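Taking it in order: structure first as structure tokens, then the write-up.
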Amino acid sequence: MGLFKGMKDSREQKKAKAFYDNALNPSRNAGDARRTKSILGNRCSAFINLTFIEGAKKTTDYIEAAMEAKSKGRPNPPQPSTSAYKEVRTMGGKVWVYLPQSYTNQLFALGSKYQQEMVNKDRAIELATAITDEITENLELDHPIRPLQFLVSEEENAEDLDMGEDDTESADDEERADDTESADDEERADDTESDSEET
């Protein structure tokens, strides 16, 4: 099974490279060219996020392995690396995607730096955007690739939670204020007026 899977993956990787090359040198049919570029843009976006995460995860694993090796007097493990080919999830299922090794290495290294807190979230997005802007330009995509949007989503979710807590506190304050005002009104009004106000 492993041998046949490897052969299949190799074929799919060749197709991924050909698909990328076709986007660089599109057919004369404008409609087909635009469709190819649109598909590749979406696939590259998934590839970019996956490579960034891979860089962060492999860095963590490497640091832990290096610390263990040092404690046991063993040589450090090999430095982590990444591939120009990755299998990403799409609406139609998994598909192999190719991105030139130079871009892949930069994104992998960026994920590593982020994991080690050498760059913060905003700087990571800024640097990733500079890389993807170059990819967008080279492929002549209709829409720019927006990398690492999951980092933005995490911040927005955190802000939503904070806003929710503030809203709850505000609602509690309003309820307490209403109770106080209601008590003052009842003291100033007779039972009939109070019933009328409640109605």
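The values are calculated or read from the model by the stated rules, or taken from the named source; none is laboratory data. All values reported here derive from a predicted model rather than from experimental measurement. Ideal geometry is used to build each Cβ from the backbone, glycine not excepted, and the neighbour counts take in all protein chains shown.
Here ARG11 meets the list (1) surrounded by 14 or more Cβ atoms within 10 Å (Cβ to Cβ); (2) more than 27 Å from the chain's Cα centre (by Cα) almost entirely, failing just condition (1).
Identify all residues within region 43-63 that are surrounded by fewer than 19 Cβ atoms within 10 Å (Cβ to Cβ) and more than 23 Å from TYR98 (Cβ to Cβ); write none if there are none. THR60, ASP61, TYR62, ILE63 - these are the residues of region 43-63 that are surrounded by fewer than 19 Cβ atoms within 10 Å (Cβ to Cβ) and more than 23 Å from TYR98 (Cβ to Cβ).
All of LEU151, LEU161, LEU110 fail the test of being modelled with pLDDT of 95 or more, of a type outside the set (S, T, N, Q) and farther than 20 Å from SER38 by Cβ, apart from LEU110.
Looking only at residues of region 120-139 that are surrounded by fewer than 17 Cβ atoms within 10 Å (Cβ to Cβ) and farther than 17 Å from ARG43 by Cα, we find that the one that is farthest from the chain's Cα centre (by Cα) is ALA130.
Residues checked against (1) over 23 Å from PRO144 (Cβ atoms); (2) buried (at least 19 other Cβ atoms within 10 Å of the Cβ); (3) among the aromatic types (Phe, Trp, Tyr):
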site	(1), (2), (3)
ALA18	yes, no, no
ARG35	no, no, no
GLY41	no, yes, no
TRP96	yes, yes, yes
LEU99	no, yes, no
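What residue, among those in region 64-94 that are among the aliphatic types (A, V, I, L, M) and free of Cβ contacts under 8 Å to residues at least 12 places away in the same chain, is surrounded by the most Cβ atoms within 10 Å (Cβ to Cβ)? Once the filter is applied, the top-ranked residue is ALA66. Of the set (1) in a helix (DSSP H, G or I); (2) over 19 Å from LYS113 (Cβ atoms), all apply to ILE53 but (2).
Examine region 20-31 for a residue that is surrounded by 12 or more Cβ atoms within 10 Å (Cβ to Cβ), part of a helix (DSSP H, G or I) and charged (D, E, K, R), and state whether such a residue exists. No, region 20-31 has no match at all.
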